[in-house]
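Below is one structure, written out as structure tokens; the observations come after it.
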Amino acid sequence: MDAPENQTAVARQASAAAEVTPFVNRRDPARLLGVDGLPAISRRAPIWQDVPDEKWNDWRWQLSNRVNELEEIGQILELTDEEREGLSAPDKFRVDVTPYFVSLIDPHDPDDPIRRQVIPLGREKSAFTGMMEDSLAEDRHSPVPGLVHRYPDRVLMLVTTQCASYCRYCTRSRIVGDPTMNFNRKEHEAQLDYLRRTPQVRDVLISGGDGLTLAPKLFESILRGLREIPHIEIIRIGSRVPVFLPQRIDDELCQMLQQYHPVWINLHFNHPNEITPEVSRAVDKLTRAGLPVGNQSVLLAGVNDCVHIQRSLVHKLVENRIRPYYLYQCDLVEGSGHFRTPVGKGLEIMEGLRGHTSGYAIPTYVIDAPGGGGKIPVMPNYLISYSDHKVVLRNYEGYITTYEEPPTYRQHDRAACSYCQNERAEPGQSGILGLLEGERMWIEPKGFSEIHTRGNTEAHRLQDPAKWVPFGVGAIEGTAAASLQVLEAGAVDRGSEVPGGLPVPAYGPGEEPRPREGEPTGSAHGELL
């Protein structure tokens, strides 16, 4: 090929490449566009409409302009009498809400799920049975200020008592939000010194408060101090900053974090409304910096005590590459009484998730044991007994603890819940409810009788409906009638065969002889256990 022909071929290839439309992934929530074709943004309350975007998107401006007083919150939300009572209480747990987060609240809905998490009510001060100041006994497991060593190989490192906003059910409300009880460099160094002298610790969880509210250089000095300890393998960060303040997750922070890998981060979303376009973009930055992202939710009455809300939440989390990790039972801490649900509500939600969504979208349901027993999964191995007012559990050490059930619980209102009213249809998968309500007498795998060849010319033998007819029930929609024989009592002798070759059991129910002495029984093989 001579030079002119070569140039012509190259020009044609360049022209063809230019005509190919670049692929745009519309499914990626971090790439969501608004009606104006620009990156999507969430609602902004009217009082901040004139704030320039540069300020609104500056995390320092957001922290400096948090709302906390009755008068200023009343300019944003239509407050109820009980909210006014809660905001006026002189000894209330600290209130501070970022302009971004308070703007997500429906100002006219007193039951808005975001509102209930950050706006106090008068009933917060109501005592309840089992209420404790330090329900997890963290202070008892603290060898130096701010360090909790409860498990053999891992510790909780509290680096600050300050948060971007304050959850009304906060486990550490005894210290969180109090600037007079904050941790400083001297205490950080004492924590690091303890870790240097404790080689069995391989995993450190940074929490508080919220470490991502610290000055960037101070937070990095803590990470560097941990990484200089040879036996510290994993650093974890527990944070709600990406929820309250997604503007904080900028390129500078992500570049700093990825220097100290392996670093993991667990976030705290309780409701799908908290996952906004800004949050999606912030989480995208974290995952692209190599941080595995998980989520810990708290089961809260009036916020997320609904299987349909929880299913929507875990689906949105997975869509954003966030792994649902824990679903916590609400702790027995002061101020949380009206948020508490029975443990049975959590079990009901887990039952409604398992099998109805992907396994990696299902969190582990846990109770953080009162008295310092640690996180206990609510499952048979750890659930000793469950009465109408008390749950008895054991932890991995054999430590026995009890969780006091709330004496009253306002059931989730399905009629008023938009998630329940728009329940995802699952035809053919009604499960146990379908059995109990007489819809059918068996559960047939969804779509199993359909032929899906996927390139094969014949259906798989197990797709033959005749092989899935329950014995003694009858044919499904008229199939397999010839192969299934339904016998009348006494029509055939025991041990004989019926037409079709099906054997009749030699013994009726309960007539089987016991095995001879010394022979194994069904229970010995675990068949009846």
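The values are calculated or read from the model by the stated rules, or taken from the named source; none is laboratory data. For clarity, every value in this text was computed on a predicted model and none was experimentally measured. Ideal geometry is used to build each Cβ from the backbone, glycine not excepted, and the neighbour counts take in all protein chains shown.
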Open item on the list: Can you confirm whether Val343 is among the hydrophobic types (A, V, I, L, M, F, W, C), more than 13 Å from the chain's Cα centre (by Cα) and surrounded by fewer than 22 Cβ atoms within 10 Å (Cβ to Cβ)?
Closed with: yes
Open item on the list: For the stretch 74-102: of the residues being surrounded by fewer than 20 Cβ atoms within 10 Å (Cβ to Cβ) and β-branched (Val, Ile, Thr), which is farthest from Glu124 (Cα to Cα)?
Closed with: Ile76
TODO: With the checklist (1) in contact with an Asp or Glu (Cβ under 7 Å, 6 or more places away or on another chain); (2) of a type outside the set (Val, Ile, Thr); (3) under 23 Å from Arg123 (Cβ atoms) in hand, flag the one item Ala301 doesn't pass.
DONE: (1)
Open item on the list: Looking at the stretch 53-100 only, could you name the residues that are under 30 Å from Glu252 (Cα atoms), assigned to a helix (DSSP H, G or I) and among the charged types (D, E, K, R)?
Closed with: Asp53, Glu54, Lys55, Arg60
Task: Qualifying residues in the stretch 365-389 (those that are over 23 Å from the mean Cα position of the chain (by Cα) and surrounded by 14 or more Cβ atoms within 10 Å (Cβ to Cβ)) - the one modelled with the highest pLDDT - done: Tyr386
Open item on the list: As an exercise: evaluate Tyr260 against (1) within 9 Å of the chain's Cα centre (by Cα); (2) without any contact (Cβ under 8 Å) to a residue 60 or more places away in the chain and give the number of the one condition it does not meet.
Closed with: (1)
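Here's the yes/no breakdown for (1) within 19 Å of Arg227 (Cα to Cα); (2) of a type in the set (S, T, N, Q); (3) at pLDDT 95 or above; (4) crowded, with 22+ Cβ neighbours inside 10 Å:
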| residue | (1), (2), (3), (4) |
| --- | --- |
| Tyr151 | no, no, no, no |
| Cys163 | no, no, yes, yes |
| Lys186 | yes, no, yes, no |
| Tyr194 | yes, no, yes, no |
| Asp210 | no, no, yes, yes |
- [ ] Go through the residues of the stretch 75-87 one by one and say whether even a single one is at pLDDT 95 or above, of a type in the set (Asp, Glu) and either within 17 Å of Gly238 (Cβ to Cβ) or touching a His at 6+ places or on another chain (Cβ under 6 Å) (or both).
- [x] yes
TODO: Can you work out which of the residues in the stretch 277-300 that are polar (S, T, N, Q) and surrounded by fewer than 21 Cβ atoms within 10 Å (Cβ to Cβ) is farthest from Pro342 (Cα to Cα)?
DONE: Thr287
- [ ] May I ask you to list the residues in the stretch 155-178 that are touching a Lys or Arg at 6+ places or on another chain (Cβ under 9 Å) and free of Cβ contacts under 8 Å to residues at least 60 places away in the same chain?
- [x] Leu156, Leu158, Thr161
- [ ] Working only within the stretch 248-273, note down all residues that are closer than 30 Å to Arg44 by Cα, surrounded by fewer than 21 Cβ atoms within 10 Å (Cβ to Cβ) and of a type in the set (S, T, N, Q).
- [x] Gln255, Asn266, Asn273
TODO: Report the residue count in the stretch 335-362 for those that are touching a Lys or Arg at 6+ places or on another chain (Cβ under 9 Å), of a type in the set (A, V, I, L, M) and closer than 17 Å to Glu405 by Cβ.
DONE: 1
- [ ] Among the residues of the stretch 34-68, write down those that are modelled with pLDDT of 95 or more and over 31 Å from the mean Cα position of the chain (by Cα).
- [x] Pro46, Ile47, Trp48, Gln49, Asp50, Val51, Pro52, Asp53, Glu54, Lys55
